[in-house]
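The structure appears below as structure tokens.
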Amino acid sequence: MPVSSGTGHPQKACRRYALQAFLFLVTHPEEEELPEDNDESDRYVVIPGIRDFDLGQPLVFRFVDAKLPQHYKEVEEIFRKKDAYGRFSRLIDSLGMRDKWHRFREEQTEAALREWCAENGLELRKKR
């Protein structure tokens with residue numbers, strides 16, 4: 001099932017360049033061109049949207065469960081109201097957890113990308 005980039009259009013890229021295309025589409029969502037043969041060839045892979053990696057609210061709750069379990073109910077309450085991410089951000093700042101949150105988010109993002117790559121026969125390499 002194709003995944004939208006937020007524009008309503010499925011995004012595909014050549015398997016060889018899928019990760020670069022994924023990163024490009026995240027930073028340049030106005031680009032919507034698809035190759036003409038994208039549905040006819042196994043050279044292309046659908047690039048998932050960021051929500052498909054569960055890196056939004058589910059990630060917040062994984063972090064809280066792992067690092068701040070005593071604040072779990074408070075964070076649940078935060079996410080029942082508007083401006084949840086802003087209030088969550090202020091909470092982690094007040095607890096001195098900003099750096100740990102960023103590290104956790106980066107590790108989880110990389111793990112999700114590695115898993116997606118493995119499932120699609122791609123290799124994720126770090127830039128040198």
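The values are calculated or read from the model by the stated rules, or taken from the named source; none is laboratory data. Note that this is a predicted model, so its numbers are computed, not measured. Here Cβ is always computed from backbone atoms with ideal geometry, including for glycine, and neighbour counts include all displayed protein chains. Only protein heavy atoms, including side chains, enter the accessible area calculation; ligands, DNA and RNA are left aside. Shrake-Rupley method; radii C 1.70, N 1.55, O 1.52, S 1.80 Å.
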Residue list for segment 65-75, filter: of a type in the set (A, V, I, L, M) and outside any loop (DSSP other than H, G, I, E, B): Ala66, Val75
The listed residue being at pLDDT 70 or above, of a type in the set (Gly, Ala, Ser), open to solvent by less than 30 Å² (accessible area, probe 1.4 Å) and out of contact with any Lys or Arg (no Cβ under 8 Å at 6 or more places or on another chain), out of Ala112, Ala13: Ala112
Hits in segment 76-123 - residues which are among the acidic types (Asp, Glu) and in a helix (DSSP H, G or I): Glu76, Glu77, Asp93, Asp99, Glu106, Glu107, Glu110, Glu115, Glu119
Selection count, segment 36-76, where residues are modelled with pLDDT of 95 or more, surrounded by fewer than 13 Cβ atoms within 10 Å (Cβ to Cβ) and within 21 Å of Asp99 (Cα to Cα): 5
In segment 54-82, the residues that are among the hydrophobic types (A, V, I, L, M, F, W, C) and in contact (Cβ under 8 Å) with a residue 24 or more places away in the chain: Leu55, Leu59, Val60, Phe63, Ala66, Leu68
